[in-house]
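Everything on this sheet refers to the single structure shown next.
The values are calculated or read from the model by the stated rules, or taken from the named source; none is laboratory data. For clarity, every value in this text was computed on a predicted model and none was experimentally measured. Every residue, glycine among them, receives a Cβ derived from its backbone with ideal geometry; neighbour counts consider all protein chains shown.
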Amino acid sequence: MTNASEPGHGDSPAAWTAVAVMLLGFAVGTVALFLEFTYPMELTWLIWVGAGLVVLGLILGFVLARLGYGVKGPKYAPKSHS
């Protein structure tokens, strides 16, 4: 069993936002790649949009952590787990 007050596990708004945006980017890129190989379409631009979303997620996570929404930030209040 883990201690809920132990910092450093990424359970913060910054981490959740970063991971959600990056997952969306991977999903968009995966669907675009599947469609490009399955049907004769030119969807390379959509694959790059997915890659851009992954980079955006990384940047958002870093910026939100610097703004105080990270695990040790002043705007983050950990919730107790029951």
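For the reader, a short list of remarks on this structure follows.
- As a summary of the residue check, Gly29 satisfies the conditions (1) surrounded by 11 or more Cβ atoms within 10 Å (Cβ to Cβ); (2) closer than 17 Å to Gly10 by Cβ except for the one numbered (2).
- Gly10 being under 17 Å from the mean Cα position of the chain (by Cα), at pLDDT 95 or above and surrounded by 13 or more Cβ atoms within 10 Å (Cβ to Cβ): no
Quick grid of which residues meet (1) assigned to a helix (DSSP H, G or I); (2) at negative phi; (3) out of contact with any Lys or Arg (no Cβ under 7 Å at 6 or more places or on another chain); (4) surrounded by 13 or more Cβ atoms within 10 Å (Cβ to Cβ):
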site: Met22; (1), (2), (3), (4): yes, yes, yes, yes
site: Glu36; (1), (2), (3), (4): yes, yes, yes, yes
site: Met41; (1), (2), (3), (4): no, yes, yes, no
site: Trp45; (1), (2), (3), (4): yes, yes, yes, no
site: Leu56; (1), (2), (3), (4): yes, yes, yes, yes
site: Gly68; (1), (2), (3), (4): yes, no, no, yes
site: Lys72; (1), (2), (3), (4): no, yes, yes, no
site: Ala77; (1), (2), (3), (4): no, yes, yes, no
